[in-house]
Each structure stands twice: as structure tokens, then as C-alpha cells.
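Asker: There's a structure below that I have some questions on.
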Amino acid sequence: MSEPLTRELLVRAVEGPAIFPAPPRFPGVSAAAAVVVPVRIYPQPSALVVVRAATLADHAGELGFPGGKPHVGEPLRAAASRELEEELAVVADEVDVLGELTPIPVVTGKYLITPFVGLLSQRASPRIASPELAEVIDVPLEPLLSGRQRIFGFYTDHGGVPFLLPHFRLGEHVLFGASAVIFFELVARLARELSMTLPELVVEDERPWGTRYPG
């Protein structure tokens, strides 16, 4: 990277203008949800992605970020922080929640996710703390920013409006859907602050989610 990834740079990226308009929203979206994208600076800049357990009723085996629905009257930011502790055992004083990114609907239209970016302290030791998770993947950011690790895309549409949906191939796993859009926006915001240009997405013909969802 052209300069070190610091807290100040992350703050500028999160507080800056959105990279692109929010994807088309589904009619009837009413349930709110919140996630935290956990970011680490040491020992290298990276983000943590979680793999959901294969036994779950919804989104089993899929990749995403710690999060869920707020309790009654609970602010989304507080809900995201609570879920981070419940899922990865990262307590409030081990994460600095820097702000939020563009809210994104899930593919089923059931939830509208508000994503927050959380900078983990050096003393944080994320681990699987919930039976809802099967794995935690540490994703280095520099290869994505430099283009050494390419980002993929698939053309889909909503209501007849086509758009290129990003996805990330992480070993044997694929991060797709709303979580991939959230992660792509963070990477793109960081690239902008670092005066770097992300390579064009590698367009694939096959749906990264296979037969899970239409479109």
C-alpha cells in the first residue's frame, strides 16, 4: 500500500462519500439488522469474515460478518457490538466502532443490514464463541487493494435493472450477496483514500451462490 493503514485513514474512508448508490431495495423490507466488519491493523491490515454453521435454518454455510437483529429498543450500533461479542468474544473496550457504511438489503428482502466498521485493538483475540459459526477467516487487505487478489463480479438484475454484483473467492469459500457488497464498499473506500485504483471486477458467468437463490 502507498501508506500505512492507520485509524485516521480508516476514519476518513468510513466518513467519506459512498462509493456507489445502494443497490435496488426490495419492496416490503422492514426488519432491521446490523453487522460489524472487524478490521485489524496489526500484525497486518486485514478484515475478519465468518462462516455460518451448516446447521442453521437461514443462510447456512454462507460467509458474512458478525451481526444480527437488534433487541426491542436497541440501537443498531449497540446491536452490532453485542453480536460481535456474542459471536467472536470481542468485548466493547476491544473494538473502536468508527462509523457505518451504506445499508444493504439481503437477497431475500427479509432484512436491511446496516454495516459498521470496527477497528480491533491489539489485545483483542477473536475466536468462535457461538454455535452459529463454523469458521473465522482472516482476509488480508493489501492483496485486494493492489489487485494481486482479484475481486469477481456477476451480472444480475432486480426489477429489470441490471447491476454487477461483486463477490470474493476466499480459498474454498465464496463471500457473496449483501456481505460481499458491504466488503467491496469498504475496500473501495480504502483504495480511494490511498489513491489506489482497484482493477475491474473479473466477470463470471456462473452465479456464485449456485442454486441457493434465483437471479
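The values are calculated or read from the model by the stated rules, or taken from the named source; none is laboratory data. The structure presented is a predicted model; accordingly, all values stated were derived computationally and were not measured. Neighbour counts run over all protein chains shown; Cβ positions are idealised from the backbone, glycine included. Keep in mind that these areas ignore ligands, DNA and RNA; they rest on the heavy atoms of the full protein, side chains included. Shrake-Rupley method; radii C 1.70, N 1.55, O 1.52, S 1.80 Å.
Asker: For residue 43, work out the one condition from (1) within 23 Å of residue 13 (Cα to Cα); (2) open to solvent by less than 60 Å² (accessible area, probe 1.4 Å); (3) assigned to a loop (DSSP other than H, G, I, E, B); (4) free of Cβ contacts under 8 Å to residues at least 12 places away in the same chain it doesn't fulfil.
Answerer: For residue 43, the exception is condition (2).
Asker: Can you work out which of the residues in region 84-94 that are open to solvent by less than 20 Å² (accessible area, probe 1.4 Å) and part of a helix (DSSP H, G or I) is nearest to residue 132 (Cα to Cα)? Lay out the reasoning, then the answer.
Answerer: In the first step, residues of region 84-94 are kept if they are open to solvent by less than 20 Å² (accessible area, probe 1.4 Å); the result is 84, 87-88, 90.
Narrowing further to those that are part of a helix (DSSP H, G or I): 84, 87-88.
Values: 84: 12, 87: 8, 88: 11 Å.
Only one residue fits best here, namely 87.
Asker: Against the conditions (1) surrounded by fewer than 20 Cβ atoms within 10 Å (Cβ to Cβ); (2) over 24 Å from residue 15 (Cα atoms), where does residue 97 fall short? Just the number, please.
Answerer: If we test residue 97 against (1) surrounded by fewer than 20 Cβ atoms within 10 Å (Cβ to Cβ); (2) over 24 Å from residue 15 (Cα atoms), just (2) comes out false.
Asker: Report those strands (runs of 3 or more DSSP E) wholly inside region 100-189 carrying at least 1 residues which are on the phi < 0 side of the Ramachandran plot, surrounded by fewer than 21 Cβ atoms within 10 Å (Cβ to Cβ) and acidic (Asp, Glu).
Answerer: Here the list reads 133-140, 152-158.
Asker: Within region 102-121, how many residues turn out to be of a type outside the set (Val, Ile, Thr) and at pLDDT below 95? Steps first, please.
Answerer: Restricting attention to region 102-121, the residues satisfying the condition of being of a type outside the set (Val, Ile, Thr) are 103, 105, 109-112, 115-116, 118-121.
If we keep only those that are at pLDDT below 95 too, we end up with 103, 105, 109-112.
Of the residues in region 102-121, 6 are of a type outside the set (Val, Ile, Thr) and at pLDDT below 95.
Asker: Between residues in region 50-63 that are charged (D, E, K, R) and residues that are modelled with pLDDT of 90 or more and open to solvent by 60 Å² or more (accessible area, probe 1.4 Å), which pairs lie under 7 Å by C-beta distance while being six or more apart or on different chains?
Answerer: Short answer, once both residue conditions are applied: 52/132; 52/134; 62/52.
Asker: Okay, next question. Just one of (1) over 15 Å from the mean Cα position of the chain (by Cα); (2) assigned to a strand (DSSP E or B) trips up residue 36, so point out which.
Answerer: (1)
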